[in-house]
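Worksheet for the structure shown next.
No lab work stands behind these numbers, since they all come straight from the coordinates. Predicted model only: the values in this text are computed from it and were never measured. Here the Cβ is made from the backbone with ideal geometry for all residues, glycine too, and neighbour counts use every protein chain on show.
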Amino acid sequence: MQILAVVTVLAVAAWALWCTRQLRRHRRWLDGAADPVLLVERNGRIRFANRQLCQLLDLPAAQVRRLRLEQIVLPDSDGYGPVWATLFSRHSRFVGSLGLRQVRYRAGLERMVIDAAALPEDALVLLTLRPPSRQNTDQPHHYLAQKLLQTAEADAGIGSWVLQMASGRLDWSREVHRIFGTDPATFRATESAYFERVHPADRARVRAELDAKMALQQPFDIEYRIIRPDGDIRDLLERNHIHCLPDGTIDHLWGTVIDMTQHKQLQRQLQLAQLAVEHSSEAVAIADGDMRWLYVNPALCRIAGRDEAALLAAPPSFLLPGADTALRGRDLLSLLGERHHWQGELRIARRGSMPLPVLASVSRVQDTGGGAETVWVFTDISRIKESERQLQSLAFFDGLTGLANRTLFNEQLERALQASRAAGTPLALVFADLNGFKQVNDRLGHQAGDEVLCRIATRLSRAVRSGDLVGRWGGDEFAILLPACGDAAAQAALLQRLQQAVSITCPQPAAAPLAVGASFGVACFHGDALTATALLAQADQAMYRAKSQGGGAVWLHDGQGLQPFAATAGSEAASGQPAAL
Ligand SMILES: Nc1nc2c(ncn2[C@@H]2O[C@H](COP(=O)(O)OP(=O)(O)OP(=O)(O)O)[C@@H](O)[C@H]2O)c(=O)[nH]1
């Protein structure tokens, strides 16, 4: 028995010695720590307080050791109880943060973050108290940090908050109060007060989202609206972080909140603007400073007959010069370097069809990054162009034969006379009046007469050289302008070709074919003072003289008088001396 008692005493002494050594080892290390540290037995008895903790409490180490943990870390009004014993005994190996706790120290009470680590071999718990976050003039660096945080929050428009799950206590930063429109001096933030401010239409969703996402214990974002006391509705984005105790229960939520109202309004405006551009019937494109396409809308894809990707990769050369501008897309860039806007006609090259005429409006804009972009709006003017073409055709061309009408012919004659005068080259004007045409109408009908007029028009156009002009003067009369009429042989050959062109026959049932020919009158301009009107009158006189001679005669007015033209010598009813132009 005695031996047993001695062995037991020795064992206890050895264990006590081992513990003391361990403690001494810890003590040296813990005194060197920057933060206040406690070594606590699992029943809450304090075994060791480091130098920083003694300074914080302003008590000698021996006196601190006589305290119990709950005398330093208080059960506070939020309902934290002295749960240490329970917590420590349940989790023999936990390491983690116990969150914010009320700590009594020499100047009063302070909330501090407490980290805990169980030391299983000693059955001790190591508690580290991290500095308070509230303004404390005794600790100027904390005060400064707090000030800095407030300034940063105000500058960024981001508020921060902490929600204690057990008590429902909610701490809002000044910026959160500003966002919610509440007065920090009078408004006491609680979970329920917060929910009262959430827009009723969003409340149930926010509650459900919070519950669902908190269960995942991952940071999460949530968007909702609030109604401020002045009735103003704001859009908020809230970022949530979850802090769990070592046993897995959620201790507190903390996070940030930002007023997104302005951002959302801007976003909505942008969406509307985008919708307008996307659904616009006008083709819209944006190019960078190097004329690379950054954006093309569906209308442009449609009219260009290419998809978006192909258009974005397309070189600016798919913009061709328009009818009234020699500029290509790229040329416009240098033009826009001098001014901010340009408007004019271009054509858009299209795959598999003719280029599309467009009215292009280009504006140079400065983006927020300092880069210069060009915004292009293209309006399809193909219908306008077609109408213009038709109007022009009606105004200048004969509707039946497609030849130049009298207006265009006169215009061209004036130009040709000017050129001829300037170059000192002769010019000839020929009038042709059909013979035997009336009987085509009378015998075969008006439509057959039309066909004859068209056939002769085509044949005359083929008979002349490029640069010559055939016009329909009216009824069955044609006018031919020969700006460079060449030598006598060339003139004779040309007149012969004209005679052949007008000589056609029209078969008729049970009767001999009807023959159509023409009488020709020719006038010549030799760079003299002769006007277009005078030249026309001379050709007319010559033509009437030829007509009066009958058959297919060709008469010339040489400026002095009338005489038969040389090429007709020996042909139909020529009389008098043949002459050249
Ligand atoms: N089918 C058709 N006939 C036309 C058109 N314009 C004029 N005419 C007809 O052309 C004929 C011209 O008459 P004329 O000059 O006497 O015809 P012609 O038979 O060649 O007689 P001469 O000139 O006297 O040799 C008239 O019958 C007009 O009605 C037209 O656009 N189409």
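Just a few scattered comments:
- Taken along the Cα-to-beta-carbon direction at a fixed 7 Å, the label points for residue 275 and residue 31 span 7.4 nm.
- Ordering 112, 165, 543 from the fewest to the most neighbouring beta carbons within 10 Å gives 165, 112, 543.
- Partner aspartates and glutamates for residue 385 [C-alpha distance under 12 Å; skip if fewer than 8 residues away on the same chain]: 324, 345
- Alpha-carbon centroid distance for the pair the range 220-285 / the range 352-378, whole angstrom: 34
- For residue 527, residues with placed amide H under 5 Å, excluding near neighbours: 427
- Cα gyration tensor category, rounded, prolate or oblate, for the range 397-568 with a/c compared to 1.5: prolate
- The simple spin-label model puts a point 7 Å past each Cα toward its Cβ; for residue 154 and residue 465 those points are separated by 9.2 nm.
- Evaluated at q = 0.18 Å⁻¹: base-10 log I(q)/I(0), Debye formula over Cα of the range 358-397: -0.62
- Cβ charges +1 (Lys, Arg) and -1 (Asp, Glu), total dipole of the range 152-264, debye: 200
- Difference of contour (0.36 nm per residue) and Cα-Cα distance, residue 458 to residue 221: 77.3 nm
- Table column - 3J(HN,Hα) (Hz), the range 156-173, Karplus curve with 6.51, -1.76, 1.60, x for Gly and Pro: 7, x, 10, x, 10, 8, 9, 10, 7, 5, 5, 9, x, 6, 10, 9, 10, 6
- With R₀ fixed at 22 Å, the C-beta to C-beta distance from residue 393 to residue 313 puts the FRET efficiency at about 0.05.
- Candidate cross-link partners of residue 547 among the lysines, defined by an alpha-carbon separation under 30 Å and a same-chain spacing of 8 or more, comprise 438.
- Partners of residue 213 within straight-line reach, counting aspartates and glutamates whose Cα lies under 18 Å from its Cα and excluding those fewer than 8 residues away in the same chain: 191, 202, 221, 223, 238, 251.
- If you sort the three axes of the alpha carbon gyration tensor as a ≥ b ≥ c, you get a/c of 1.5 or more for the range 281-382 and a/b no higher than b/c, which makes it oblate.
- Gain on full stretching of the segment that runs from residue 290 to residue 188 - 0.36 nm per residue minus C-alpha separation: 30.9 nm
- One quarter of the convex hull surface built on the alpha carbon atoms of the range 405-497 amounts to 6.2 nm², the projected area averaged over directions.
- Residues in the range 450-460 carry Karplus couplings, in order, of 4, 4, 4, 4, 5, 4, 5, 4, 5, 5, 5 Hz; the curve used is 6.51 cos²θ - 1.76 cosθ + 1.60 with θ = phi - 60°, and Gly or Pro positions show x.
- Taking label positions 7 Å along the Cα-Cβ direction at both residue 207 and residue 341, the computed distance is 5.6 nm, reported to one decimal.
- Neighbours of residue 65, meaning other residues whose beta-carbon lies under 9 angstrom from its beta-carbon, give a summed charge of +3 when Lys and Arg score +1 and Asp and Glu score -1.
- Convex hull of the range 152-264 built on C-alpha atoms - directionally averaged projected area, nm²: 7.3
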